Amino acid sequence: TALWHGGDTDDEIGALLQDWKVRTELIQSKDASADIAEVALNRRAIEVLELWVDLAARQDPRAILAKAQRFAASSEYGSLEYLICRDISSGIMMTLGRFVEAADTALESLKSIPSGSVNEYIAGYQVISTALRALFAVGDYAKIRALAVSHEPESPELHLIWSGTLHFWAAFS
């Protein structure tokens, strides 16, 4: 998401993922002692991130949703992989008109992020933005206002980053 916000194209992001994939394969082929678990984690991370590329390329949203839901189900609750897959799922559900389900998924993702965790820094803003959009689409303005009051991060840096979005949506609702 950060790469797209920075202006990189799908092709550039796809090329980065392809380079990562090639380097992972190269490491495994050259180094017999390469940690198999680490190689598997890299491969899975690449597959998860490729979901964003598929989504941006407007491939079959139902197939992407099914794959994202499978990955989320097999991921550790609250992990970065879980959050990415759930966020992708919420976004796709909104495009499919499944707004209530998207809002529920996004809110559950938000609840899974421990306050002050690394994942709050990495994915928190994306998750809360998706939750706010889904709640707005559903028309649940009371939850939007409640989120603005109740879900402020402990970190002063994150508080500054999130507060504008939280208060904008609260005021808008």
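The values are calculated or read from the model by the stated rules, or taken from the named source; none is laboratory data. Note that the structure is a prediction, hence the values are computed from the model and not measured. Cβ placement follows ideal geometry from the backbone for every residue including glycine, while neighbour counts extend to all protein chains displayed. Side chains are part of the model used for accessible areas, which takes the heavy atoms of the whole protein and leaves out ligands, DNA and RNA. Shrake-Rupley method; radii C 1.70, N 1.55, O 1.52, S 1.80 Å.
Values for this structure:
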item	result
Positive minus negative residues near Ser109 (Lys, Arg vs Asp, Glu; Cβ under 9 Å)	0
Ranked packing of 61-67, 37-43, 101-107, 134-140, most packed first, by mean Cβ within 10 Å	101-107, 134-140, 61-67, 37-43
Whole-percent carbon and sulfur share, accessible surface of the stretch 46-125, 1.4 Å	56
